[in-house]
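Chemist: Got a structure here, written out as C-alpha cells. Questions coming.
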Amino acid sequence: AAGVIQSPRHLIKEKRETATLKCYPIPRHDTVYWYQQGPGQDPQFLISFYEKMQSDKGSIPDRFSAQQFSDYHSELNMSSLELGDSALYFCASSPSPFSGNTIYFGEGSWLTVV
Amino acid sequence: AQKITQTQPGMFVQEKEAVTLDCTYDTSDQSYGLFWYKQPSSGEMIFLIYQGSYDEQNATEGRYSLNFQKARKSANLVISASQLGDSAMYFCAMRERARMDSSYKLIFGSGTRLLVRP
C-alpha cells in the first residue's frame, strides 16, 4: 500500500541557508500535518492543511512557512536556518482532519544545520 | 489543555515475554482518540493501534493490544510474545482539537524506550 512519501530523507545545510522539505500524502488523503522532532524529544506539531488551506498552527517559527498544493502534496520552507532547527521533520496525512482515527506518518526528513 | 503522560523512560523485556507500556491522558473532551506509534532507531513513525473513546472493546492488532481504562484515563499498550525487532521507542498520542471549529492534531507523550533481550 502507498505510504506518505517525504523528500529528501537527509539534508545538510549551513546556518542562515534555506531548506525545503516535500511531502506526498497517501492517495485520497486531503489532510497533511507537519511535525518537528528534536534529538531525544517527542514530535511537536508545526502546522496542518486541509483541502489546500491551513487548518491549524502550532509552534512553527516565523522563519518557516508551508503550503499544500492542488495535488495535495505539501512543502515546508525553512529560511535563515539555525543550529536548533536540526531535527527530524515528519509529515503525516489523514483522510480527514475531523475524524482523526487514521493518521499515518512518513519516514521523516533528517535536517542537520551546521 | 490535553496532556499525555508516559512515566517509563525505558524498559527491558525478555524475548517471547509480554510487556505493558503505560500511558495516561488528561482531557475534558467526551470524544477523543488514542494512538500508539513505534519509532525504531531508523526514525520512521509506525502506526500500531488506535482506540476511540466510545469504543466498547479494547483495540487489538496482531500482537498489540490496548488496555483502555476510561475511568482511570489510561491507555496502556500490551505487546505479547516480544521479538527482538520490537526494540524501539514507543509513543502514546492523543487527538487534540484546539477549538470547537478546528481540526484535530496529535499530541505526543515523551515516549518509552523498549529493549528486548535475547
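The values are calculated or read from the model by the stated rules, or taken from the named source; none is laboratory data. Given the structure is predicted, the values throughout are model-derived calculations rather than measurements. Don't worry about glycine lacking a Cβ; one is built from the backbone with ideal geometry, like all the others, and counts go over all protein chains shown.
Chemist: Would you please name the residue that is surrounded by the most Cβ atoms within 10 Å (Cβ to Cβ), looking only at residues in the range B:11-35 that are assigned to a strand (DSSP E or B) and of a type in the set (A, V, I, L, M)?
Modeler: Residue satisfying both the conditions and the ranking: B:LEU34.
Chemist: So is B:GLN8 in a loop (DSSP other than H, G, I, E, B), over 13 Å from B:MET94 (Cα atoms) and modelled with pLDDT of 95 or more or not? I'd like the intermediate steps shown before the answer.
Modeler: Values: in a loop (DSSP other than H, G, I, E, B): yes; over 13 Å from B:MET94 (Cα atoms): yes; modelled with pLDDT of 95 or more: yes.
It is true that B:GLN8 is in a loop (DSSP other than H, G, I, E, B), over 13 Å from B:MET94 (Cα atoms) and modelled with pLDDT of 95 or more.
Chemist: Can you tell me which residues in the range B:54-66 are within 12 Å of B:LEU34 (Cα to Cα), more than 11 Å from chain A (Cβ to nearest Cβ) and crowded, with 17+ Cβ neighbours inside 10 Å?
Modeler: Answer for the range B:54-66, where residues must be within 12 Å of B:LEU34 (Cα to Cα), more than 11 Å from chain A (Cβ to nearest Cβ) and crowded, with 17+ Cβ neighbours inside 10 Å: just B:LEU66.
Chemist: Additional query: Would you be able to say whether some residue in the range A:10-22 is among the β-branched types (Val, Ile, Thr) and under 15 Å from B:LYS105 (Cβ atoms)? Step through it out loud before you land on a result.
Modeler: Of the range A:10-22, the ones among the β-branched types (Val, Ile, Thr) are A:12, A:18, A:20.
Checking the rest, the ones that are also under 15 Å from B:LYS105 (Cβ atoms) come to none.
No - not one qualifying residue is present in the range A:10-22.
Chemist: What about B:LEU77, is it away from every other protein chain (no Cβ under 14 Å), buried (at least 20 other Cβ atoms within 10 Å of the Cβ) and free of Cβ contacts under 8 Å to residues at least 60 places away in the same chain? Show your work before the answer.
Modeler: Numbers: away from every other protein chain (no Cβ under 14 Å): yes; buried (at least 20 other Cβ atoms within 10 Å of the Cβ): yes; free of Cβ contacts under 8 Å to residues at least 60 places away in the same chain: yes.
Yes; evaluated as a whole, the condition is true for this residue.
Chemist: Also, I was wondering about something else. If I ask for residues that are within 16 Å of B:GLU17 (Cα to Cα) and assigned to a strand (DSSP E or B), which ones from the range B:67-82 would you list? Give the steps one after another, and end with the answer.
Modeler: Initial filter on the range B:67-82 (within 16 Å of B:GLU17 (Cα to Cα)): B:77-82.
The answer is B:LEU77, B:VAL78, B:ILE79.
Chemist: Just give me the residues in the range B:89-106 being at pLDDT 85 or above and more than 7 Å from every other protein chain (Cβ to nearest Cβ), in sequence order.
Modeler: Listed by number, the residues that qualify are B:MET89, B:TYR90, B:CYS92, B:ALA93, B:MET94.
Chemist: Mind counting the residues in the range B:83-94 that are over 18 Å from B:PRO9 (Cβ atoms) and buried (at least 20 other Cβ atoms within 10 Å of the Cβ)? Give the steps one after another, and end with the answer.
Modeler: Start the filter on the range B:83-94 by keeping residues that are over 18 Å from B:PRO9 (Cβ atoms), which leaves B:83-85, B:94.
From what is left, the residues that are buried (at least 20 other Cβ atoms within 10 Å of the Cβ) are B:94.
Number of matching residues: 1.
Chemist: Another question, then. Against the definition (in contact with a helix residue (DSSP H, G or I) (Cβ under 9 Å, 6 or more places away or on another chain) and in a strand (DSSP E or B)), how does B:LYS105 come out, yes or no?
Modeler: Numbers: in contact with a helix residue (DSSP H, G or I) (Cβ under 9 Å, 6 or more places away or on another chain): no; in a strand (DSSP E or B): yes.
Criteria not met by B:LYS105.
Chemist: Report whether or not B:LYS38 is surrounded by 13 or more Cβ atoms within 10 Å (Cβ to Cβ), under 25 Å from A:ILE47 (Cα atoms), within 11 Å of another protein chain (Cβ to nearest Cβ) and at pLDDT 95 or above.
Modeler: Against the criterion (surrounded by 13 or more Cβ atoms within 10 Å (Cβ to Cβ), under 25 Å from A:ILE47 (Cα atoms), within 11 Å of another protein chain (Cβ to nearest Cβ) and at pLDDT 95 or above), B:LYS38 qualifies.
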